[in-house]
1. Within segment 211-238, which residues are within 11 Å of ligand 3 (Cβ to nearest atom) and of a type in the set (Phe, Trp, Tyr)?
2. Looking at THR157 and the list (1) β-branched (Val, Ile, Thr); (2) assigned to a helix (DSSP H, G or I); (3) out of contact with any His (no Cβ under 7 Å at 6 or more places or on another chain); (4) within 15 Å of ligand 3 (Cβ to nearest atom), which single condition is not satisfied?
3. Could you figure out which of (1) in contact with a Ser or Thr (Cβ under 8 Å, 6 or more places away or on another chain); (2) part of a loop (DSSP other than H, G, I, E, B); (3) crowded, with 18+ Cβ neighbours inside 10 Å isn't true of LEU61?
4. Can you find a residue in segment 96-115 that is within 16 Å of ligand 2 (Cβ to nearest atom), assigned to a helix (DSSP H, G or I) and open to solvent by less than 10 Å² (accessible area, probe 1.4 Å)?
5. Can you spot a residue in segment 275-284 that is modelled with pLDDT of 95 or more and open to solvent by 30 Å² or more (accessible area, probe 1.4 Å)?
6. Output the residues belonging to segment 78-95 that are open to solvent by less than 10 Å² (accessible area, probe 1.4 Å) and within 28 Å of MET274 (Cβ to Cβ).
7. Let me spell it out: the conditions are (1) more than 16 Å from ligand 1 (Cβ to nearest atom); (2) modelled with pLDDT under 95, and GLY42 meets all of them except one. Which number is the exception?
8. Could you please let me know if ARG5 is over 28 Å from HIS93 (Cα atoms) and assigned to a loop (DSSP other than H, G, I, E, B)?
Amino acid sequence: MKHKRCHGDRKRLQRDPVTLGAVSPPRSVPDHIVPPSYVTTGTVSDTRTLQIQDDDSLLRLRHACQVAAEVLIEAGEAVAPGVTTDAIDAVAHEAYISRGAYPSDLHYNGFTKSVCTSVNGVVCHGIPDDRPLQNGDIVNVDVTAFIDGMHGDTSATFMVGEVDQPTRGLVETTREATLRGIAAVRPGLPLRCIGEAIEPFALSRGFTVVREYGGHGIGETFHAAPHIYHHVERDDVALFQPGMSFTIEPMLLSGGTSFTQAEDGWTEHVDDAMPSAQFEHTVIVTDTGAEILTVTADGKSAAGVALSPS
Ligand code: MF3
Ligand code: CO
Ligand code: CO
């Protein structure tokens, strides 16, 4: 029961709405780095087909995911009070480039930055800008790396300075919900197992799960089939099969469930300014479960890799 929210928590969770700042010009990518086709053509033609990996393609996907995990760690180390989200974007951008990867977000459907940075009540798709992070904020940094024809996608919510206990509870519950969703995957079971592992757990801690966004198949295509529900979706009976690669990326809310897109066409912010958190891993279905691909060569991730023993 120690994690259960009480009434006084709402006041501590409540934030001033995040104000949007000025966005700097897109960062440039050296010519030797190969961008995804949507950057060259200007149109995203995401095939809604399953992404199933064989031995060769899995090696390439593993590498893209490893790069994404490394970029996320570097970006997270830059998070501190007074640092702008644009400065975090700059750190991430260099981290992709130095590894020969293209930042998949950059010029995806008109997005002009190399990561998404979503602060407090921004649910997702925040655009890095000149707003300095404040002590007590939380910020999700969402990294997607494209290299050798593969996308690897991972995100974590980081604490800025001293964060109050109810907000830390939101963040840790979201991390655990993500790992519980991953642990529920078994070949032959229905996809809805993920939502069944995540939503009741989130509700038991006093949080709700965003229904409007889900995880997605990923590999040669950034956003592919299947759609991954993070809430209980009874009719989602398609089965996990070995070799399927997709993301699990639940967003949890501490307040009301309605949110609105900002005029920038991307930033999704909750209407009551209560904080939300998100974590994301790219995984692959094995013969016995799911393996997290978005980890470093020595198995680390800023998003967490193992459920802590309770
Ligand atoms: N990385 C996000 C996801 O998890 C997608 C970001 S697309 C962008 O699927 F254009 F907003 F960057
Ligand atoms: Co992502
Ligand atoms: Co994703």
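The values are calculated or read from the model by the stated rules, or taken from the named source; none is laboratory data. Because the structure is a prediction, the values reported are computed rather than measured. Glycine gets a Cβ as well: all are built from the backbone with ideal geometry, and neighbour counts include every protein chain shown. The protein model used for the area step is the full one, side chains on, heavy atoms only, and it has no ligands, DNA or RNA in it. Shrake-Rupley method; radii C 1.70, N 1.55, O 1.52, S 1.80 Å.
1. TYR213, PHE222
2. (2)
3. (2)
4. Checking segment 96-115: at least one residue is within 16 Å of ligand 2 (Cβ to nearest atom), assigned to a helix (DSSP H, G or I) and open to solvent by less than 10 Å² (accessible area, probe 1.4 Å).
5. So far as segment 275-284 goes, no, none of its residues is modelled with pLDDT of 95 or more and open to solvent by 30 Å² or more (accessible area, probe 1.4 Å).
6. Within segment 78-95, THR85, ILE88, ASP89, ALA92 meet the criteria.
7. (1)
8. In short, yes.
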